[in-house]
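Read the structure below first, then the notes.
The values are calculated or read from the model by the stated rules, or taken from the named source; none is laboratory data. This one's a predicted model, so the numbers in the text were calculated from it and none came from an experiment. Virtual Cβ from ideal backbone geometry, glycine too; neighbours counted across all protein chains shown.
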Amino acid sequence: METPKAEEPFLRHVEIDVLIPKMMREKAKERCAEKVTAFNQCCKETGFLMVVKCQDQNAALKECLTMHYRDPAFFEECKQEYIKEKLEFQRTGVAAKNRSQKLPTSM
């Protein structure tokens, strides 16, 4: 487990081991979007035979995702983004996913 930097807030075990990795998975899927699309397309086209027919696409997707999961710089990037969102939530009480929603213009 990583020791927090002086300017960083304390991160709980669940944040380091669950929430930040979840963010990493989501971002890695975005960064590997081309391979995700290729694998999904192959699965749609082949149906039940996808286990056999889509091995190359699956291997390429796994390789891309694993490259990101094992990258310490990518973990640090996601951790900093998580900390930023956490601090913003503590300041405003509004979760990041709700922040992008527009407020009604008339009541």
Failed criterion for Gly47 (all others in (1) modelled with pLDDT under 90; (2) in a helix (DSSP H, G or I); (3) on the phi < 0 side of the Ramachandran plot hold): (3)
Looking across the range 67-107 at residues that are surrounded by 10 or more Cβ atoms within 10 Å (Cβ to Cβ) and part of a loop (DSSP other than H, G, I, E, B), the single one that is modelled with the highest pLDDT is Asp71
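Return the only residue of Cys64, Cys42 being under 30 Å from Arg12 (Cβ atoms), part of a helix (DSSP H, G or I) and of a type in the set (A, V, I, L, M, F, W, C).
On the way: Cys42 fails: under 30 Å from Arg12 (Cβ atoms).
Cys64 is the lone residue from the list that is under 30 Å from Arg12 (Cβ atoms), part of a helix (DSSP H, G or I) and of a type in the set (A, V, I, L, M, F, W, C).
Go through the range 44-63 and count every residue that is small (Gly, Ala, Ser) and without any contact (Cβ under 8 Å) to a residue 12 or more places away in the chain.
Taking the range 44-63 and keeping what is small (Gly, Ala, Ser), we get 47, 59-60.
Next, only the ones that are without any contact (Cβ under 8 Å) to a residue 12 or more places away in the chain stay: 47, 59.
Of the residues in that region, 2 qualify.
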Condition (residue is within 24 Å of Leu87 (Cα to Cα), under 15 Å from the mean Cα position of the chain (by Cα) and in a helix (DSSP H, G or I)) applied to the range 3-15: is it met by at least one residue? yes
